[in-house]
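What follows is a set of notes on a single structure, which appears directly below.
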Amino acid sequence: YHTSIDVGGFRYTYGAGGGITRTSSPEGGGDNAESLRFVPPNGTYRESVTLGQTWLERGEINSIIQRMRDGKFTGDKYHMANRNCNHFSETFAMALILGNLLLEESDDSKIKLDTFPAWINRLARTGTAFGIDDGNVCNVVAEARLAAGCKEKVGWSLNSSSDVQKSSNASKSQKKELTESQKAALAKLKKGSSRK
């Protein structure tokens, strides 16, 4: 199956050669004539599935796409079984929809986009399980974390502003550990202020 993600008036897809591409979303979606013109050659439209909702702004969506392009979703890394359009769609959807869960949950086995149909990438998963592995197998959860910028967003919330307030109130009671680079920056600040 071929999949793509429609968000914010644009359709994002991934393929060999071109990598991640963006076009205008077809008006109306579904199986109307405008939508069908986006089906790849030799493809057949099956259905549109609503995966969830995102409150991310255009710039944040563009940042996710750029991190995916800078990472492993380049045209030369496309592989029918290990890194295909379905891996891209699931990874991108997770980064858009499950942002806070990706930030807060450290156990990858607890992170799943339940609305993403399991049958879509079944053949690729089967091929990978049988050893069709070029060393570039997509780890959807890990790559969704990178795409969402989790390394850069310690203590952030990716929900709507009302959810941010709830999240920040809940997290005030939790102590957070500083990274080594944060500790070094804090030490420099303390050292500089003690000289005055």
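Against the criterion of solvent-accessible heavy-atom surface with a 1.4 angstrom probe, SER63, SER109 sort, most first, into SER109, SER63. Can you compute the FRET efficiency between THR179 and THR126 using 1/(1 + (r/R0)^6), with r the Cβ-Cβ distance and R0 = 41 Å? Round to the nearest 0.05. That gives a FRET efficiency of 0.55. Across the stretch 48-54, rounded Karplus estimates of 3J(HN,Hα) from the backbone phi angles (6.51 cos²θ - 1.76 cosθ + 1.60, θ = phi - 60°) give 9, 10, 7, 8, x, 10, 10 Hz, Gly and Pro being marked x. Using a Debye calculation, one point per C-alpha and no hydration shell, please list log10 I(q)/I(0) for the stretch 54-104 at q = 0.31 Å⁻¹ in order. Once normalised to I(0) and log-transformed, intensities are -1.22.
Judged by the gyration tensor of its Cα atoms, with axes a ≥ b ≥ c, the stretch 1-126 is rounded; a/c sits under the 1.5 cut. Among the GluC sites (Glu not before Pro) found in the stretch 48-96, those both in a DSSP coil and sparsely packed, with 11 or fewer other Cβ atoms within 10 Å of their Cβ, are GLU57. Shown here for the stretch 44-115: chymotrypsin sites (Phe, Trp or Tyr not before Pro) in loop regions (DSSP other than H, G, I, E, B) with at most 15 other Cβ atoms within 10 Å, namely TYR45, TRP55.
The values are calculated or read from the model by the stated rules, or taken from the named source; none is laboratory data. What you are looking at is a predicted structure, and each value in this text was computed from that prediction instead of being measured. So basically every Cβ, Gly included, is an ideal-geometry build from the backbone, and we count neighbours across all protein chains shown. The area values use the complete protein model at the heavy-atom level, side chains included, leaving out ligands, DNA and RNA. Shrake-Rupley method; radii C 1.70, N 1.55, O 1.52, S 1.80 Å.
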